[in-house]
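The values are calculated or read from the model by the stated rules, or taken from the named source; none is laboratory data. Just so it is clear, the structure is predicted and the values come from calculations on it, not from any experiment. Quick reminder, even Gly has a Cβ in these numbers, built from the backbone with ideal geometry, and neighbours come from all protein chains shown.
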Amino acid sequence: MTEKDPDPQLLRILDANFNRAREAIRVVEDYARFCLNSALWTSQLKEMRHELRQIVDLLDPDELLRSRNTDWDVGASISTPQELMRASSEDVAKTNLKRLQETLRTLEEYSKLVDPQVAARIERVRYRSYSIERGMLLRPAAARQKLADARLYVIVTESVGRGRPVAALAQAAISGGADIIQLREKEMADRELLACAHAVRDVTREAGVLLVINDRPDIALLCHADGVHLGQSDLPAHQARLIVGDELIIGVSTRDPDEALQAERDGADYIGVGPAYPTSTKPDAAPIGLDLIHFASEHVRLPSFAIGGITVDKVPELRLIGARAICVCSAAIAADDVAAATRALKDAVSANQPRAHPHQ
């Protein structure tokens with residue numbers, strides 16, 4: 001406190017609002033942790049909560065506590081019907097973020113009567129809350145809806161596409177009905193890869209189709225892709241999220257139930273499941289068969305894409321064991337007519353066939 005201690009009424013205002021702020025942060029933190037599975041926002045909210053604790057310590061916590069008089073607080077019994085209603089867990093988070101910002105503004109203004117440096121720290125926390133609100137709640141909802149609706153995911157790479165430019169391959173696949181395009185060029189130099197990524201981004205943006213970059217969060221951010229896809233030897237999804245935030249979709253390749261469930265816990269947005277069959281694209285990858293595809297359809301809440309050696313004639317079998325969506329590479333882009341091959345795959349996976357396990 002300053003040499004001239006504030007009056008008890010001011011202390012009551014500060015104490016009540018510090019409590020409100022920390023409570024609101026905790027509510028939003030639980031949403032980030034348990035609903036979004038976001039290590040990024042959970043850690044940032046936790047840091048904010050600890051920052052407020054440190055600010056309280058700059059004052060006199062015991063004096064703030066002594067000023068508390070809940071029994072005589074005229075506002076404790078005043079409420080509105082709207083306060084008792086919430087539409088969803090996201091609505092809870094939104095409401096508490098607004099409550100946090102209002103509370104921080106109150107703290108900032110009244111703490112100016114106590115210590116201007118404390119007020120300045122609270123102001124920084126308030127502005128940080130605006131950034132968290134935007135990043136956490138303005139997630140690419142449209143992109144995630146497209147992901148949920150997707151049936152056919154096509155990987156483009158020049159070598160499999162017989163040397164044809166990746167942008168042309170992407171355009172042809174989109175003409176055939178591809179819902180998602182992934183650019184996979186593991187051996188390409190960074191500058192060339194970025195140029196290709198921009199070219200494919202132009203094609204997918206015009207068509208309203210999702211673009212995912214294989215392995216490279218940095219390239220995905222630089223070309224404004226919709227997402228990044230990670231293998232088991234790449235960064236875990238929760239660490240990649242620290243790089244790309246919630247602005248990008250994250251996909252993870254999985255080969256067994258543990259990997260599939262871990263990807264979900266790590267905050268991935270979708271999983272690739274396979275290889276289901278022997279594949280010329282990855283000849284060293286032994287096929288895992290169909291059990292994991294069945295498992296994912298039953299036990300994983302994320303969208304899952306069966307991958308590996310899939311051709312048109314194999315799609316009915318995949319549908320019967322629960323596959324809702326497929327990911328292909330050579331079956332589409334190695335064909336003489338990429339658009340026609342893609343269209344046949346899209347028709348097969350979209351056909352109204354009986355399914356044993358319609359989980360997704």
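What the table below lists for this structure:
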{"read-out": "PHE295 of a type in the set (Phe, Trp, Tyr), surrounded by fewer than 24 Cβ atoms within 10 Å (Cβ to Cβ) and out of contact with any Ser or Thr (no Cβ under 7 Å at 6 or more places or on another chain)", "value": "yes"}
{"read-out": "For LYS282: the one exception among (1) assigned to a helix (DSSP H, G or I); (2) in contact (Cβ under 8 Å) with a residue 24 or more places away in the chain; (3) not polar (S, T, N, Q)", "value": "(1)"}
{"read-out": "Residue match in segment 129-146 (condition: at pLDDT 90 or above, part of a helix (DSSP H, G or I) and farther than 29 Å from LEU211 by Cβ)", "value": "yes"}
{"read-out": "Residue in segment 61-68 that is modelled with pLDDT under 85, in the same structural domain as ARG12 (by TED's automatic domain parsing), out of contact with any Leu (no Cβ under 8 Å at 6 or more places or on another chain) and not in a helix (DSSP H, G or I) present", "value": "yes"}
{"read-out": "Of the criteria (1) out of contact with any Ser or Thr (no Cβ under 8 Å at 6 or more places or on another chain); (2) under 24 Å from ASP30 (Cα atoms); (3) touching a residue at least 24 places away in the same chain (Cβ under 8 Å), which one GLN145 fails", "value": "(3)"}
{"read-out": "Any hit, segment 294-311, residues being farther than 25 Å from ASP258 by Cα and modelled with pLDDT of 95 or more", "value": "yes"}
{"read-out": "Residues that are touching a Lys or Arg at 6+ places or on another chain (Cβ under 8 Å) and not in a strand (DSSP E or B), drawn from segment 239-250", "value": "ASP246, GLU247"}
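Results for (1) out of contact with any strand residue (DSSP E or B) (no Cβ under 8 Å at 6 or more places or on another chain); (2) surrounded by fewer than 20 Cβ atoms within 10 Å (Cβ to Cβ), shown as yes or no for each residue.
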{"residue": "ILE122", "(1), (2)": "yes, no"}
{"residue": "GLU133", "(1), (2)": "yes, yes"}
{"residue": "ALA142", "(1), (2)": "yes, yes"}
{"residue": "GLN145", "(1), (2)": "yes, yes"}
{"residue": "ALA150", "(1), (2)": "no, no"}
{"residue": "GLU158", "(1), (2)": "yes, yes"}
{"residue": "GLY163", "(1), (2)": "yes, yes"}
{"residue": "VAL166", "(1), (2)": "no, no"}
{"residue": "LEU183", "(1), (2)": "no, no"}
